[in-house]
Structure formats: C-alpha cells, structure tokens
Amino acid sequence: TDGEVSNTREVLRVVQTHHKAARVFALGLGAHASRELVEGIARAGRGTALFVNDSRQLHGKVVKQLREAMQPALTEVAIEWLDANQTVLSVTDPSSTLVQSPAEAPPIFNETLFLAFLHPRLSPAPAPAP
C-alpha cells in the first residue's frame, strides 16, 4: 500500500475470511502508508507487517518477508500466568482485574521477538449480563 486505499475494513474482512488458506505478509510503502491497513492485513493473515520509507530499504525488507513466508511459525500460542503461589491467573475472563497485552500472540517467526505484558485492567470490568 502507498496510502491510497479507501476500503480498509473490506480488505481486512477478505483477509480474515481466507486466513486459513494462506498467510499474508503486508508491506507499506512511503510515509503515507496506512498503518491500520498494513498491520491489520498482517494480523488477520497471520503474517508480518513491514514499512519502507526509503527505497534503499526495500530489497532488505522484501527478503526478510520472503524468509518469514518460507518458514513455519508458532501459532495459537497461549501464555499461562502464575502468581507467587504458582496459581494460574485468569486473564481471559471479562471480570478479571488483570489483562494480557496483546490479548492474543501473533504468529512468532524464527529470530523474532514477542513480548507480552500482564497488567491491571485500566477500565472497570463489564457488568455480567442479566
């Protein structure tokens, strides 16, 4: 993308619909590339998102994405958080006072770093439905 896409939600819906058939790797070109579109495509398509502002970076970024596309990735990674007593903490329950960010791990490729954080919920938990 170069920032000239006007139907971001529709594109993301198509990628999400077909995400099990193929992985999608997105490349944003220039300073005006839509971060929402590029990162959304990569997230929905179980790939990666890269941005190129300088054309001299293009070759290296394309090669990086091709390497990632040719290797398997860790997917559906779940993190089990434990307290000091080795008790499992619930972070998926909407009434929990703790939340994991990001809520779901993206695909993890060789030589990439993934960080997750456990922190207090910033807004009150939603009230249970009657």
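Can you confirm whether the stretch 62-71 contains a residue that is closer than 30 Å to Ser123 by Cβ and either among the hydrophobic types (A, V, I, L, M, F, W, C) or open to solvent by less than 40 Å² (accessible area, probe 1.4 Å) (or both)? Within the stretch 62-71, none of the residues are closer than 30 Å to Ser123 by Cβ and either among the hydrophobic types (A, V, I, L, M, F, W, C) or open to solvent by less than 40 Å² (accessible area, probe 1.4 Å) (or both). Evaluation of Gly47 against the conditions (1) of a type outside the set (Phe, Trp, Tyr); (2) in a loop (DSSP other than H, G, I, E, B); (3) over 19 Å from Thr112 (Cβ atoms) shows that the sole unmet condition is (3). Just the residues that are in a loop (DSSP other than H, G, I, E, B) and surrounded by 12 or more Cβ atoms within 10 Å (Cβ to Cβ), please, taken from the stretch 72-82. Matches in the stretch 72-82: Ala73, Val77, Trp81.
Determine, yes or no, whether Leu27 is hydrophobic (A, V, I, L, M, F, W, C), in a strand (DSSP E or B), closer than 16 Å to Val5 by Cα and at pLDDT below 95. The answer is yes for Leu27. Of all residues in the stretch 95-110, those that are under 17 Å from Gly40 (Cα atoms) and in contact with a Ser or Thr (Cβ under 6 Å, 6 or more places away or on another chain) total 1. Residues considered: Gly47, Gly30. Of these, the only one that is surrounded by 12 or more Cβ atoms within 10 Å (Cβ to Cβ), touching a residue at least 40 places away in the same chain (Cβ under 8 Å) and not aliphatic (A, V, I, L, M) is Gly47.
To keep it simple, each residue is scored yes or no on (1) part of a loop (DSSP other than H, G, I, E, B); (2) exposed (fewer than 13 other Cβ atoms within 10 Å of the Cβ); (3) in contact with a Leu (Cβ under 9 Å, 6 or more places away or on another chain).
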site	(1), (2), (3)
Val38	no, no, yes
Leu58	no, no, yes
Ala84	yes, yes, no
Pro94	yes, yes, no
Ala105	yes, no, yes
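The values are calculated or read from the model by the stated rules, or taken from the named source; none is laboratory data. These figures come from a predicted structure and were not determined experimentally. Neighbour counts run over all protein chains shown; Cβ positions are idealised from the backbone, glycine included. Surface accessibility is based on the protein's heavy atoms, side chains included, excluding ligands, DNA and RNA. Shrake-Rupley method; radii C 1.70, N 1.55, O 1.52, S 1.80 Å.
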